[in-house]
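S.K.: Mind looking over this structure? Questions follow.
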Amino acid sequence: MCTGKCARFVGLSLIPLSLICIVANALLLVPNGQTTWTKDHLSLQVWLMAGFIGGGLMVLCPGISAVRAGGKGCCGAGCCGNRCRMLRSVFCSAFGILGAIYCLSVSGAGLRIGPLCLMDGFWEYHFQQTAGSYLLNRTQWSSCVEPPGVVYWNVTLFSLLVAASCLEILLCGVQLVNASIGVFCGDCRKKEGAPH
């Protein structure tokens with residue numbers, strides 16, 4: 001596969017993944033779809049906006065850059081053969097890897113620590129001492145009184161962020177290698193249309 005076609009494929013995969021991260025983070029701000037607890041009773045991992053900033057905006061940039069790098073070239077069919085866009089995509093992909101790693105680490109911590117919830121009359125991270133074992137014991141989930149269903153809500157959305165950020169790391173890494181090859185070797189598509 002040519003570097004341009006690969007870049008376009010990677011970019012078109014990264015853009016929806018980044019939008020999924022943005023939506024998942026927005027949903028984490030409204031536990032169970034209600035804004036009642038948004039002001040004072042959200043966990044730190046939700047407020048760090050890892051899905052919005054890291055897996056979202058910081059990955060949207062390399063996604064768009066990769067799609068543009070998969071275009072016809074910054075100088076048309078001529079001089080640099082798309083190398084300028086590929087070079088930009090190298091830097092954007094590295095930036096995207098950092099964003100996806102940020103999203104993965106914060107979301108993983110959100111899963112491990114658990115949500116901030118009301119249990120036994122106290123708002124605390126009641127599952128923090130379980131080191132993530134609460135994830136396997138769903139009977140503990142109902143012990144959080146408020147926000148209702150917050151454990152299920154957080155586990156679902158943080159798991160989605162972990163999965164999406166892992167895919168983003170993989171795709172940004174592929175694009176980093178692909179764009180580096182594109183910078184040094186150019187895009188083979190210009191050879192396909194050349195007369196024999």
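S.K.: Kindly indicate whether any position in the stretch 126-137 is surrounded by fewer than 24 Cβ atoms within 10 Å (Cβ to Cβ) and at pLDDT 90 or above.
M.R.: Within the stretch 126-137, none of the residues are surrounded by fewer than 24 Cβ atoms within 10 Å (Cβ to Cβ) and at pLDDT 90 or above.
S.K.: Something else now. Within the set of pairs 6 or more residues apart or between chains, which connect a residue that is assigned to a helix (DSSP H, G or I) inside the stretch 139-150 to a residue that is open to solvent by 30 Å² or more (accessible area, probe 1.4 Å) with Cβ atoms less than 7 Å apart?
M.R.: Pairs that qualify, where the first residue is assigned to a helix (DSSP H, G or I) and the partner is open to solvent by 30 Å² or more (accessible area, probe 1.4 Å), are Trp141/Tyr152; Val150/Asn32.
S.K.: Give me the pairs: first residue in the stretch 24-37 and on the phi < 0 side of the Ramachandran plot, second residue of a type in the set (Val, Ile, Thr) and assigned to a loop (DSSP other than H, G, I, E, B), beta-carbon distance under 7 Å, and six or more apart or on different chains, which are they?
M.R.: What qualifies is Leu29/Thr38; Val30/Thr38.
S.K.: What's the number of the condition Ala26 fails, among (1) closer than 30 Å to Gly173 by Cβ; (2) under 20 Å from the mean Cα position of the chain (by Cα); (3) open to solvent by less than 50 Å² (accessible area, probe 1.4 Å)?
M.R.: Failed condition: (3).
S.K.: Considering only residues of the stretch 70-98 that are hydrophobic (A, V, I, L, M, F, W, C), within 17 Å of Leu176 (Cα to Cα) and modelled with pLDDT under 85, which is least open to solvent (accessible area, probe 1.4 Å)? Spell out the reasoning first.
M.R.: To start, the set of residues in the stretch 70-98 that are hydrophobic (A, V, I, L, M, F, W, C) comprises 74-75, 77, 79-80, 84, 86-87, 90-92, 94-95, 97-98.
With the extra rule that they be within 17 Å of Leu176 (Cα to Cα), the set shrinks to 84, 86-87, 90-92, 94-95, 97-98.
Now drop any that are not modelled with pLDDT under 85, which leaves 84, 86-87.
Numbers: Cys84: 69, Met86: 3, Leu87: 80 Å².
Among them, the one singled out is Met86.
S.K.: Hey, among Ser165, Ser180, which residue is hydroxyl-bearing (Ser, Thr, Tyr) and at pLDDT below 90? Can you show your working first?
M.R.: Numbers: Ser165 fails: at pLDDT below 90.
Selected residue: Ser180, the only one of Ser165, Ser180 that is hydroxyl-bearing (Ser, Thr, Tyr) and at pLDDT below 90.
S.K.: Go through (1) in contact (Cβ under 8 Å) with a residue 12 or more places away in the chain; (2) surrounded by 14 or more Cβ atoms within 10 Å (Cβ to Cβ); (3) among the aliphatic types (A, V, I, L, M) and name the single condition Leu170 misses.
M.R.: The single condition Leu170 does not satisfy is (1).
The values are calculated or read from the model by the stated rules, or taken from the named source; none is laboratory data. Nothing here was measured: the structure is a model prediction, and the numbers come from that model. So basically every Cβ, Gly included, is an ideal-geometry build from the backbone, and we count neighbours across all protein chains shown. For accessibility, only protein heavy atoms count, side chains too; no ligands or nucleic acids. Shrake-Rupley method; radii C 1.70, N 1.55, O 1.52, S 1.80 Å.
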